[in-house]
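See below for the structure under consideration.
Values quoted throughout were computed directly from the atomic coordinates according to the rules given, and no laboratory measurement underlies them. Every value quoted in this text rests on a predicted model; they were computed, and no experiment measured them. Cβ sites come from the backbone with ideal geometry, for glycine too, and all protein chains shown count toward neighbours.
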Amino acid sequence: MAKKDKKKRNERQEPPESDVLEETLVATTDLEQPPEEVQYTDTSYTSASFESLPPVEEIKPKKRKGKRKPEVVEVTKKTTSLFFDWSEDTVIEEQNVVQEETKVKKRKKGKKGKKEKKKEDIPEFEKPKNWKKMNRKEREAWLLQRIEEWRLEKEAEKQAILAGAKEKRIAEAKARADLMAKDEDEQEIRKDLLAKTVALFHRFEKEKFNYQKKKQLKAEWQQYLRCDGLPDPRIVTQMNTYLHIWREKNVCDDEELQKRCVEVLPMLELLDDILSDSRQYTELQVQSFNEVRVALRQELSNAIHFASYTLLRDLEHRFKWESIKVANYQREFKGIRLNLWVAVRLPTRKPKPVEPEREPVELSFPTMKVSIKLPKIIDGSCVCVRAARSMIDLLSESSRTFALAADMPNKYEDLYTFNIKEHEAVHKLKKEQDDIRDKFYKEVKEKITELEKFLKSNPYTKNDKEKEELDNLNMAEPEYLPDPRTFIGEQNEQAYTKYLKMCLIKTKTGEVNLRRYRICGGILNLDLLTTPPQPKRMRGGITLTTCECDIFICY
């Protein structure tokens, strides 16, 4: 007991360590609480004790392989100087230095770090039946094997696509060659049939031309024997002389109109036949014939107007009187039928206090089977209505919608010539398409050769981008090029549609489009005219007539 008491006394008598305070490394878990920190007073140490303190050593835990173990808290040896109060400025400076060091480290890591690789899109595989019984290693082995199989399948599909693209390219080239060979065979048959057909039509046209030539010579001889003073329509100089004499002659009544109709209508018919097929004449001759034809039609139209005016100037002798108020005129010329209805002007009367409402004037032309009802606004006391029906169309050519807006291209080209030109255009287009394809495949082949050389020279690198580009080049196809025959046919249809659009004309309200409609059976002209002044008889057989004309003042 004494010994034990001595030991206890010795332990009590040992002074506490004042030189160094050491902290040991303690392993803690999440369940254990950290040890309480011991607080020391200022009287426990002297200023001399700080000089004898050893340097602080940091104890770092060793890395161990295996399963993850609980976290280890590092407790370093500290001197008592750390427990003294430091100023706030020094603490903030230290924090700023630490933050700058971490930023520099992050930047360096970002510069030296590797580029992000494209992740492979691996699909989700169907799990096997014994998946739950498999452990972790077996599952990883099965997944690696399944990924490898999937990659092999993908590579096989890619190779199949490449092989299919090559086969498709070969098949398309063969189909194009077969189509052109078939087109050549059809073209030979088409040429044979069209050559025979066109030769037959040419023979008919030649016979027709010879027949018309004989007919023309016969007509010229008959005209020469007739010796009636009329010109030959085929000689432009004679026609111009005839028109000049006609314009110089001032007489134009109904008898003169009958004479001109007999002379001019056959000339117009012959000129129309000449211009309908003008291949045997030059452009200058065709232009001269057309000018003469238009001048003849204009003069005949003027003759109808002058004859109507002459008739209306002498109602008493030329018209048939139905009553005191109404007179009419009817006569049929060669190719023309002329009817006039006139309300005779009576002496002025004293107006009534209340004028009755006007009744519309109704009249009819039985020979033409035409009846007319004038509006109420027209006074029927002094009015003239002219109805002229002509078998020849004298007004259509002066219309805005008669002439073609654009000349027809290749008007006299036969079908055989057109087919030959079309076939040549098809072959030319096919050659251009073949050149485009050859150029494209040549460029692709050069790029493939360069990439293959690059891959052979760098066998130890992955070169995923180059391999992908190589696969795309192997599957590359030129731009779509249509079938030459179909394309040329569509181009011809578009050209014809464009020509038809050029010929379209916008018509006004009430205007007839003469490019769409043709006049058959003659033209009926209805005109509302004013009755000219009538002649007045004087003594001694003198007759006075007022002549209405424009007054020109000369200085």
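Some notes on this structure:
- With the convex hull of the Cα atoms taken as the outline of segment 373-417, the averaged projected area works out to 6.9 nm².
- Checking every one of the GluC sites (Glu not before Pro) in segment 399-449 against DSSP loop status and a limit of 16 other Cβ atoms within 10 Å picks out Glu413.
- Multiplying the residue separation of Asp273 and Glu140 by 0.36 nm and removing their Cα-Cα distance gives an extension gain of 38.0 nm.
- Two-site FRET efficiency, Glu283 against Ala405, from Cβ-Cβ distance with R₀ of 22 Å, rounded to 0.05: 0.65
- Among the listed pairs Lys174/Lys447; Lys411/Lys498; Lys158/Lys439; Lys325/Lys373; Lys174/Lys430; Lys168/Lys428, those beyond 19 Å (Cα-Cα): Lys174/Lys447; Lys158/Lys439; Lys168/Lys428
- Overall dimensions of segment 305-345 as given by Cα atoms, namely Rg and Dmax in Å: 10.4, 32
- Zero-based 10 Å bins, Cα pair distances in segment 267-307, whole percents: 28, 46, 20, 6
- Cα principal axis extents for segment 123-204, largest first, Å: 99, 19, 13
- Per residue, the convex hull spanned by the alpha carbons of segment 238-277 comes to 64 Å³.
- Loop-located GluC sites (Glu not before Pro) in segment 448-555, at most 10 other Cβ atoms within 10 Å (DSSP): Glu479, Glu548
- When the alpha carbon gyration tensor of segment 486-543 is reduced to an equivalent ellipsoid, its three semi-axes come out at 58, 12, 10 angstrom, largest first.
- Averaging over all projection directions, the Cα-based convex hull of segment 433-555 occupies 25.3 nm² in the image plane.
- Estimated translational D of segment 218-322 in µm²/s (Stokes, Kirkwood radius over Cα pairs; 20 °C; 1.002 mPa s): 139
- Equivalent ellipsoid, segment 330-391 (semi-axes from 5 times Cα gyration tensor eigenvalues, Å): 31, 13, 7
- Rg/Rh for segment 283-390, where both radii come from Cα atoms and Rh is the Kirkwood radius: 1.14
- Based on the Kirkwood approach, the hydrodynamic radius assigned to segment 159-279 is 20.8 Å, with every pair of different Cα atoms included.
- Distance cut-off 24 Å, percentage of C-alpha pairs in segment 342-446 lying past it: 68
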